[in-house]
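Derivation of every value follows stated rules applied to the coordinates shown; laboratory data play no part. The shown structure was predicted, so the numbers you read here are calculated from the model rather than taken from an experiment. Don't worry about glycine lacking a Cβ; one is built from the backbone with ideal geometry, like all the others, and counts go over all protein chains shown.
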Amino acid sequence: MDNGLWLYPFILAAGALQAAGAAMNGQLNKSVGNPWLASTISFLLVSFLFIFLFALLPRPLPTLKGLTLMPWWAPLGGIVGAMAVFAGLTLVQRVGAGPMNGLTITANIIASLVIDHFALFGMPQHGLSFWRALGAAMMIGGVTLIALF
């Protein structure tokens, strides 16, 4: 029976790498001196990686039906994600990796709870319970301690 537990180590590794990525992008920005150029370098490397992977694994291809049924906002996920990368790239050197990632993750959790509660962007509905709200409050408290001390 596949309960998806094998996904959690991958997700944890991705989270750890995201923290490193903010620091790495901050150094990239510091080195090149221009946040737009640093963002371009960062995203060009990502684009080349995914173009290479698509060339190796081109299937499945999208269907016309799938494309016509796609919500207008679906392709904007990359631009939305780019805002987080740009914020990290330009701000991590000022506030530090702990507060930067703590604030990013806490904002992500709170937004995710809203998305779940209202079933936004095609997600299944998961109502906001007392325990989920408490978890978010604890995240806010934790990141406040990290930022202050």
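Observations, loosely collected:
- Kirkwood hydrodynamic radius of the range 93-149, Cα pairs, Å: 12.1 Å
- Rg/Rh ratio calculated on Cα atoms of the range 1-95 (Kirkwood radius): 1.06
- Amide H contacts of residue 126: 117, 119, each under 5 Å away and 5 or more positions distant or on a separate chain (H built 1.01 Å from N in the peptide plane; Pro and chain starts excluded).
- Coupling constants for the range 85-101 follow from the phi torsions by the Karplus curve (6.51 cos²θ - 1.76 cosθ + 1.60, θ = phi - 60°), and in residue order they are 5, 5, 4, x, 4, 9, 10, 4, 5, 7, 9, x, 5, x, x, 4, 6 Hz; glycine and proline get x.
- HN-Hα J in Hz across the range 48-58 - Karplus 6.51, -1.76, 1.60, θ = phi - 60°, x for Gly and Pro: 4, 4, 6, 5, 4, 5, 5, 5, 6, 10, x
- J(HN,Hα) series, the range 112-118, from Karplus relation 6.51 cos²θ - 1.76 cosθ + 1.60, nearest Hz, glycine and proline x: 5, 5, 5, 4, 5, 4, 9
- The distance between label points at residue 120 and residue 54 comes to 2.7 nm (points 7 Å beyond Cα on the Cα→Cβ vector).
- Chymotrypsin sites (Phe, Trp or Tyr not before Pro) lying in DSSP loop within the range 56-95, provided at most 16 other Cβ fall within 10 Å: 72, 73
- Taking 7 Å steps out from each Cα toward its Cβ at residue 129 and residue 84 produces label points 2.4 nm apart.
- Summary value for the range 96-149: 40 percent relative contact order, contacts being C-alpha pairs under 8 angstrom separated by 6+ residues.
- Computed over the chain, relative contact order equals 25 percent, with contacts defined as Cα pairs under 8 Å that lie 6+ residues apart.
- Helix-only CD estimate at 222 nm, as mean residue ellipticity for the chain, using -39500 (n - 2.57) per DSSP H run (n ≥ 4): -26000 deg cm²/dmol
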